[in-house]
Amino acid sequence: MEPMRRRTILEKTVVCSANDAYRASARMSVSQPSVGKGAGAPDSQRSARAFPAWAKWFFWGTVLAFGIGAGAGVALLSSSTRSVSPAAVVRAAIRPAAVWPRGARPAPDFRLTDQHGRPLSLKRLRGRPVLVTFIDPLCRNLCPLEAHVLNDVVRRAPPADRPAVAAVSVNPWGDAAQNMRQDAVKWNLVPQWRWGLGTHAQLARVWRDYSIGVQVAKRTIAGVTVREIAHTEATYLVDASGHERAVFVYPFSAADVLRTVRRVARGA
């Protein structure tokens, strides 16, 4: 893929915006410390790897979100001020936004805990492909749609190539066990789906390592503190040796991911 064309594609991405006020009193803590906007932003002192300029522009910038349906947001994270139609965003996301050759890009490891209290890390998943995605368990707009696509990938993949799903939470205030159980049922999650849970500091390190933008807006409604989360909606394909091979920006299809999974399985 030509560098300029790749940059054009990567300058368009989608974020999910979820308002969890209606569940706040029952499902999340109201005494969490304040969280500033820009959580997960790159830290030059702790950067795990150098990103090319186009990747930084892709994942970072000012989030320009506008409502779609029940609060979903489409964002253009771009260094350019030119306007881009929604149709262009959809076309840009049909295929992988970026691909890397075998062995070229080690995936940053992480140490989190899954929904069953078991340790979760890429090292423990070595030997099989992994879809590393970033999901808000309280989201009720784009995240469930992306989860449906990833479930479809797992179900349709041949058993030998069937990937694990490591869904890193972007909302540590919504990581209650009750929410995990509800999502498992409502989203019909596959057994291969494992949530990556942890403290805000632990999760923010993973967001930063994978250049995932997370914006947190905190406000108080009727004495209850609620947080609205906006984040980059992206999924990485990590191969069995622990190397990144592709990144998909939602919306994407199961067929797109499956095609890449099969190519990687063949050693391409």
Might you check whether a residue that is in contact with an Asp or Glu (Cβ under 6 Å, 6 or more places away or on another chain) and in contact (Cβ under 8 Å) with a residue 60 or more places away in the chain occurs anywhere in the range 159-170? yes
Residues of the range 221-248 that turn out to be over 16 Å from VAL170 (Cα atoms) and not small (Gly, Ala, Ser), as a count: 11
Mind listing whichever residues of the range 170-197 are surrounded by 20 or more Cβ atoms within 10 Å (Cβ to Cβ) and either in contact with a His (Cβ under 6 Å, 6 or more places away or on another chain) or of a type in the set (Gly, Ala, Ser) (or both)? VAL170, PRO172, GLY174, GLY196
In the range 130-249, which helices (runs of 4 or more DSSP H) lie fully inside it and hold 2 or more residues that are closer than 21 Å to ASP109 by Cβ and more than 12 Å from the chain's Cα centre (by Cα)? 200-209
Identify, by number, the condition in (1) at pLDDT below 95; (2) out of contact with any Lys or Arg (no Cβ under 8 Å at 6 or more places or on another chain); (3) not basic (Lys, Arg) that VAL216 doesn't meet. (2)
Say whether the condition of being under 16 Å from LEU125 (Cα atoms), surrounded by 18 or more Cβ atoms within 10 Å (Cβ to Cβ) and among the small types (Gly, Ala, Ser) is met by at least one residue in the range 220-234. no
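The values are calculated or read from the model by the stated rules, or taken from the named source; none is laboratory data. Predicted model, so just to flag it, every value in this text is computed and none were measured. Note that each Cβ is placed from the backbone with ideal geometry, even for glycine, and that neighbours are counted across all protein chains shown.
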